[in-house]
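The values are calculated or read from the model by the stated rules, or taken from the named source; none is laboratory data. Note that the structure is a prediction, hence the values are computed from the model and not measured. Cβ coordinates were reconstructed from backbone atoms using ideal geometry, including for glycine residues, and neighbour counts include every protein chain displayed. Calculation scope for accessible area: heavy atoms of the full protein, side chains included, ligands and nucleic acids excluded. Shrake-Rupley method; radii C 1.70, N 1.55, O 1.52, S 1.80 Å.
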Amino acid sequence: MTNEQMNNVNVRHAYEFRRKKSAEEMRHQVITFVLMIFLTLISFGAVIFNEFIPVKFVLPFILLLAVVQVIFQLYYFMHASHKGHELPMFFMYSGVFAAFLTILAMVTIVWW
Amino acid sequence: MKLDEKFTPQTWPVSPETQTLEGKNKFLGFWLFLGGETVLFASLFATYLALKDSGSSIKANELFDPVLVFAMTMLLLTSSLTSVYAIYHMKNYNFKKMQAWFFITVLLGAGFLALEVYEFYHYVHEYHFGFKSSAFSSAYYTLVGTHGAHVLFGLCWIITLLLRNSKRGLNLYNAPKYYTASLYWHFIDVVWVFIFTVVYLMGMVG
Amino acid sequence: MSSITAKKGFGAILWEYLTTVDHKKIAHLYLFGGLFFFALGGLEALMIRIQLLSPDMEFLNEATFNEMFTMHGTTMIFLAAMPLLFAIMNAVVPLQIGARDVAFPFLNALGFWLFLFGGIFLNLSWILGGAPDAGWTAYVTLALDSPGHGIDFYTLGLQISGFGTLISGINFLVTIINMRAPGMTFMRMPLLTWTTFIASTLILFAFPPLTVGIFFLMFDRLFGANFFNIAMGGNSIIWEHLFWIFGHPEVYILVLPAFGIFSEIIPTFSRKRLFGYSSMVFATVLIGFLGFMVWAHHMFTTGLGNVANAIFAVATMAIAVPTGIKIFNWLLTMWGGSIKVTVPMLYALGFIPSFVMGGVTGVMQGMAPLDYQLHDTYFIVAHFHYVIIGGVVFAIIAALHFYWPKMFGTMLSEKMGYVTFVFLFIGFHLTFFIQHFLGLWGMPRRVASYLPGQGFELGNMISSIGAFMMGIAVTLLVINIIITFVKNKKVDNDPWGDGRTMEWAIASPPPYYNFKQTPLVRGLDTYWIEKMEGKKELTPAEPLGDIHMPNNSIIPFIISLGLFIAAFGAMYNPANIVKDGQPWAIPVLIIGLAITFGSMLIRSLKDDLGYHIHKEELEEEGGKA
């Protein structure tokens, strides 16, 4: 276990520091959440009001927004930004690479 | 012995989910599983994109309704946030609040599923757009249905955790279980972001 | 569980194997399961070769011939080669990294039982209406129209087996990443561990597309979906993409562990360390990566277009480079070494030219314009048998001989091994070398007969004779195994005398907890380092203490059984394409799934914390504190 011997004052300080960090992180999560709602609204907006915006622009735009939202989810909600996530993220990106190849194939070299 | 070890909020480790070898293995194993699921859903997305509108008299831009999809998205997105709250409380060794927030997550997830069931029912009865109707419909229902099945499995998982551990409190044995369940839940939300973008939004644009 | 080995009755041993979660016993299960299906696949091959012995032979009719080559391919790849490789990986990799088991012992058992039930389900097709008959690749233009349930046995059986493989892939990845002994950095891992690691990564990313594709075929045939039904807007090329996005990495999943096995054998019997360790690791990683970018070289003739064909042709040729690096490194390992031609080394020596021959014909086929001539001819058949038999099968048999003492505590007969090798090597080349020419002369594959007067008679006759020689070889191997079990002559921890890696430092077979004390790894070829310093054992990294071990469990068996039962329900459901729905089908499907998910629930609800072996018991067996 990682619990070391500490005297009472140190324990209290360390504990308070942890609580502060946790609370700070939680604030980040809420901000992330609000941003994600915002991104979702923009995507929906772009589509609903697509008489004013050309289709050629809307499609890549909402895809980009989706990717940004997923990055937020991964790095904030799923703690991928924390220490100890290097290998999981390496494998995740490898999976994304294989996924990308699959999708690329199906939208380019499948006859219509 | 893992089950017996008693903690206080001060002595509870910073990352309880990876304090034991079992926890470390579950953590890594689950992230790897999510990598594989990424490729799985990508194959489903890829097929959907190849078969979009194919063989169907009713097209994507006639079928999908933004209001319903927006409501479902809000429910799932919020449930993702509530699961983050739950893990926040787990890190603070607050068992009751963690359970409460997971329970709210389950309610929101169940709401999402209810809307999805209604949505499918609506398609089948109003538009005669069933699983067997066309290649497009088969691809649509398989992609969105697989996601829905994953949501259902996640709900069952979290409910099982809540019930099983209700009398135990938090310890180093169940902390990894809650953590991986919340990772799974976030991943389902990630997949939904792509579903509402690629299937519904892109479908509505035409 | 006591540390004293009790004399067990047959029932107790059977129960032990049904419930084991020990990687060493699971290795035995994979070994015998794999050998059983290997024999089955071999019989299927002999049937094919008898039918093709002479023109217009009427040994098998066309329909049965189609079933025969479909089952031969499917069985050999999914039910023989992969399980046999898993046997070796399970037996050896935890020992090589100084671990006491894999990361998820329960899931390890589950992986095996899923494989076995899937394989049994698939092979029941022979007696339940007909085996699948659309090739191991099951292209949907044929597979959708195949009468009877053969293809359904294929989809459901492979789906069940496939889950097992995916679970095992994740298991090995976590084990290798998290459970290496102190001092074992990634660049001190033995090559068998490295190739297992990369192959497991390939499994993780390649099996999901196959899962999805098989679900589509299953849904089309059993539940009325329209993924591949052209009339309803479906598209059959989607199957080919999904299948080969899986299928090409699959062959690297097969061959990389084979390379790893030879990378252990060659240094051991050259008494010289592996030449160019870093470049071997790098080449393995590169092969794994490139393996995902070449799949459409199986689809050159489907009309993808010139640009796509060109891209995949170049990528295919590129993959030969890291493979070539490996070949040179093996040769340079042997150069200047003190070579001992044991049976494993004999297979390694036979592997190098044979695999290279297969590899170069692969590069030839990678040239898209040439592939237009070669596709669907016996040239392709020759190529892949050269790499699979010359690479994977030789590696498996070599590993059987090499690791038999570590798995069972006895040694296979070297003399019989030499004879087996001679029959196998000559038979293999006789069978397949001539097939290059048959292909160039225009003989198509997957066709039940050929007409006289086309110049195919002599080649086919030679090929069939070779096949029988290979049959004799495999029979000799089986006899060798049986005699070894009967004689039961025990050997010590390092029976080959030249072991370099940690598995050779512990008893043959190891005690159920593997290492009394987790070893300290001081460099590559850890045991060799200790030997060079005159030590007989590994340096421990921890004092003697209690060891935590997992409990046995019957639940993996039951989870797999549930899926097996559910598969029957799915196959005979009233919406199926064969139109022979049964009223009991949906209830059976639900019961089967209930058994599976119910068992999973029981597993989650009932705590299973394992047990401890106490320090005192270990000290009794002569451990040091």
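Filtered by the rule that a residue be at the interface with another protein chain (Cβ under 7 Å from one of its Cβ atoms), closer than 17 Å to B:Lys177 by Cα and either assigned to a loop (DSSP other than H, G, I, E, B) or among the β-branched types (Val, Ile, Thr) (or both), region B:19-40 gives a lone residue, B:Gln19.
Among the residues of region C:29-74, those that are small (Gly, Ala, Ser) and either open to solvent by less than 50 Å² (accessible area, probe 1.4 Å) or closer than 30 Å to C:Met407 by Cα (or both) comprise C:Gly33, C:Gly34, C:Ala39, C:Gly41, C:Gly42, C:Ala45, C:Ser54, C:Gly73. Say whether the condition of being hydrophobic (A, V, I, L, M, F, W, C), free of Cβ contacts under 8 Å to residues at least 60 places away in the same chain, open to solvent by 10 Å² or more (accessible area, probe 1.4 Å) and farther than 30 Å from C:Ile176 by Cα is met by at least one residue in region C:217-226. Yes; the residues of region C:217-226 include at least one that is hydrophobic (A, V, I, L, M, F, W, C), free of Cβ contacts under 8 Å to residues at least 60 places away in the same chain, open to solvent by 10 Å² or more (accessible area, probe 1.4 Å) and farther than 30 Å from C:Ile176 by Cα.
Residues in region B:46-63: is at least one away from chain C (no Cβ under 14 Å) and surrounded by fewer than 20 Cβ atoms within 10 Å (Cβ to Cβ)? Yes, the conditions are met somewhere in region B:46-63. Against the conditions (1) within 20 Å of the chain's Cα centre (by Cα); (2) under 18 Å from C:Phe394 (Cβ atoms); (3) open to solvent by less than 10 Å² (accessible area, probe 1.4 Å), C:Met345 satisfies every one except (1). Remark: pairs (first residue in region C:583-601, more than 30 Å from B:Asn165 (Cβ to Cβ) and assigned to a helix (DSSP H, G or I); second residue modelled with pLDDT of 95 or more and open to solvent by 70 Å² or more (accessible area, probe 1.4 Å); Cβ separation under 6 Å; 6+ apart in sequence or on different chains) are absent.
The number of residues in region C:397-433 being of a type in the set (A, V, I, L, M, F, W, C) and more than 14 Å from C:Val478 (Cβ to Cβ) comes to 14. With respect to being under 21 Å from C:Leu192 (Cα atoms), away from chain A (no Cβ under 14 Å) and surrounded by fewer than 22 Cβ atoms within 10 Å (Cβ to Cβ), C:Pro322 fits the description. Report yes if C:Leu204 is within 15 Å of B:Val39 (Cα to Cα), part of a helix (DSSP H, G or I), facing chain B (nearest Cβ under 9 Å) and open to solvent by 10 Å² or more (accessible area, probe 1.4 Å), otherwise no. It is false that C:Leu204 is within 15 Å of B:Val39 (Cα to Cα), part of a helix (DSSP H, G or I), facing chain B (nearest Cβ under 9 Å) and open to solvent by 10 Å² or more (accessible area, probe 1.4 Å).
Taking the stated definitions as given, is C:Ile230 facing another protein chain (nearest Cβ under 9 Å) and open to solvent by 20 Å² or more (accessible area, probe 1.4 Å)? In short, yes.
Do we have any residue at all in region C:241-259 that's free of Cβ contacts under 8 Å to residues at least 40 places away in the same chain, in contact with a helix residue (DSSP H, G or I) (Cβ under 9 Å, 6 or more places away or on another chain), surrounded by 23 or more Cβ atoms within 10 Å (Cβ to Cβ) and part of a helix (DSSP H, G or I)? For region C:241-259, residues free of Cβ contacts under 8 Å to residues at least 40 places away in the same chain, in contact with a helix residue (DSSP H, G or I) (Cβ under 9 Å, 6 or more places away or on another chain), surrounded by 23 or more Cβ atoms within 10 Å (Cβ to Cβ) and part of a helix (DSSP H, G or I): present. A Cβ distance below 6 Å, combined with a sequence gap of six or more or placement on separate chains, defines the contacts here; from region C:409-425, residues that are under 24 Å from C:Tyr386 (Cα atoms) reach residues that are among the small types (Gly, Ala, Ser) in the pairs C:Thr420/C:Ala473; C:Phe423/C:Ala473; C:Leu424/C:Ala473; C:Phe425/C:Gly350.
The test for being in a helix (DSSP H, G or I), surrounded by fewer than 23 Cβ atoms within 10 Å (Cβ to Cβ) and among the β-branched types (Val, Ile, Thr) holds for C:Ile177.
The rows are residues; the columns are (1) out of contact with any Asp or Glu (no Cβ under 7 Å at 6 or more places or on another chain); (2) at positive phi.
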{"residue": "C:Val92", "(1), (2)": "no, no"}
{"residue": "C:Val102", "(1), (2)": "yes, no"}
{"residue": "C:Leu107", "(1), (2)": "yes, no"}
{"residue": "C:Phe112", "(1), (2)": "yes, no"}
{"residue": "C:Gly130", "(1), (2)": "no, yes"}
{"residue": "C:Leu144", "(1), (2)": "no, no"}
{"residue": "C:Asp152", "(1), (2)": "yes, no"}
{"residue": "C:Ile177", "(1), (2)": "yes, no"}
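Could you identify the single residue in C:Lys516, C:Lys531, C:Lys487 that is open to solvent by 60 Å² or more (accessible area, probe 1.4 Å) and charged (D, E, K, R)? The unique qualifying residue is C:Lys487. What residue, among those in region A:38-86 that are hydroxyl-bearing (Ser, Thr, Tyr) and facing chain B (nearest Cβ under 9 Å), is most open to solvent (accessible area, probe 1.4 Å)? Among those that are hydroxyl-bearing (Ser, Thr, Tyr) and facing chain B (nearest Cβ under 9 Å), it is A:Tyr76. Checking each residue in region B:30-45 for being closer than 21 Å to C:Ile177 by Cα and open to solvent by 10 Å² or more (accessible area, probe 1.4 Å) picks out B:Phe30, B:Phe33, B:Glu37, B:Thr38.
The criterion of being surrounded by fewer than 22 Cβ atoms within 10 Å (Cβ to Cβ), within 13 Å of chain C (Cβ to nearest Cβ), touching a helix residue (DSSP H, G or I) at 6+ places or on another chain (Cβ under 7 Å) and not in a helix (DSSP H, G or I) holds for B:Leu172.
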